[in-house]
Amino acid sequence: MMKTFITAFGITACALALAGTVRAGDSVTGKWTAEFDSQIGIQKYTYDFKVDGTNLTGRAIGIRDDGTNDVAITEGKINQDEISFVEALKFNDNDIRIEYTGKVSGNEIKLHRRVGDFAEEDLVAKRVKAAAATPDLKSETGKATNSPPAQP
């Protein structure tokens, strides 16, 4: 009787642990945006995350005054509500390793970003909500079908 209870308890604990990982992965998958001030000025980022088990992959797309970068996310991990990943950036012909650690909370991820050995920033990434479906207002000719009447 006790052996059966312990086995059932163990199976239940494993199932709950796996369910937590799946939920965390589902909650991170998708696009997130962030804007923050850094040593090189304001940066705007879009992170496009994909989760497979405990592995986190995707892209980090950064826009700043002096250019744009689009980099594959590497070394990504997710464990419950904690994530970590690396952005390997090339900046002015220099390879820079940017390490991220963060905590997911609903539609926000609080991230700490370590840029090589010379800078650190804290930022908040927010989930990009799926755009509501909008009707196509163009006819086959490509002109709007509900345009206002021409003014004399």
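In whole Hz, with x marking every Gly and Pro, tabulate ³J(HN,Hα) for segment 72-78 from phi via Karplus 6.51 cos²θ - 1.76 cosθ + 1.60, θ = phi - 60°.
5, 7, 10, 6, x, 9, 9
Put a dot 7 Å past each Cα toward the Cβ at Thr29 and Lys129; how far apart are the dots in nm?
2.2
Would you mind getting me the FRET efficiency between Asn55 and Phe118? Use the beta-carbon distance for r and R0 = 22 Å, nearest 0.05.
0.15
What does the charge add up to near Gly116, with Lys and Arg as +1, Asp and Glu as -1, over the other residues with Cβ less than 14 Å from its Cβ?
Neighbourhood net charge equals -2.
Karplus couplings for segment 63-70 from phi (6.51 cos²θ - 1.76 cosθ + 1.60, θ = phi - 60°), rounded to Hz, Gly and Pro as x?
10, 9, 4, 9, x, 10, 10, 9
Residues with amide H under 5 Å of Val128's amide H, sequence separation 5 or more or different chain, H placed in the peptide plane at 1.01 Å from N; which?
Here the answer is Lys31, Trp32, Thr33, since their amide H atoms fall under 5 Å of that of Val128.
Can you list residues whose amide H is under 5 Å from Ile83's amide H, if they're 5+ apart or on another chain and H is modeled 1.01 Å from N?
Gly102, Lys103, Val104
Tell me, what ³J(HN,Hα) does each residue in segment 113-122 have, in order and in whole Hz, if you take phi through Karplus 6.51 cos²θ - 1.76 cosθ + 1.60 with θ = phi - 60° and put x for Gly and Pro?
Result, rounded to whole Hz: 10, 10, 9, x, 10, 10, 7, 9, 9, 10.
Amide H to amide H under 5 Å from Phe91: which residues, 5+ apart in sequence or cross-chain, H placed 1.01 Å off N in plane?
Those lying under 5 Å, H to H, from Phe91 are Ile96.
Place a label point 7 angstrom from the Cα of Arg64 along the Cα-to-Cβ direction, then list the residues of segment 70-102 whose backbone nitrogen is under 14 Å away.
70-71, 87-99
Any read-out appearing in this document is the output of simple, stated calculations on the displayed coordinates, not a laboratory observation. For clarity, every value in this text was computed on a predicted model and none was experimentally measured. In this analysis, Cβ positions are derived from the backbone assuming ideal geometry, glycine residues included, and neighbour counts consider all displayed protein chains.
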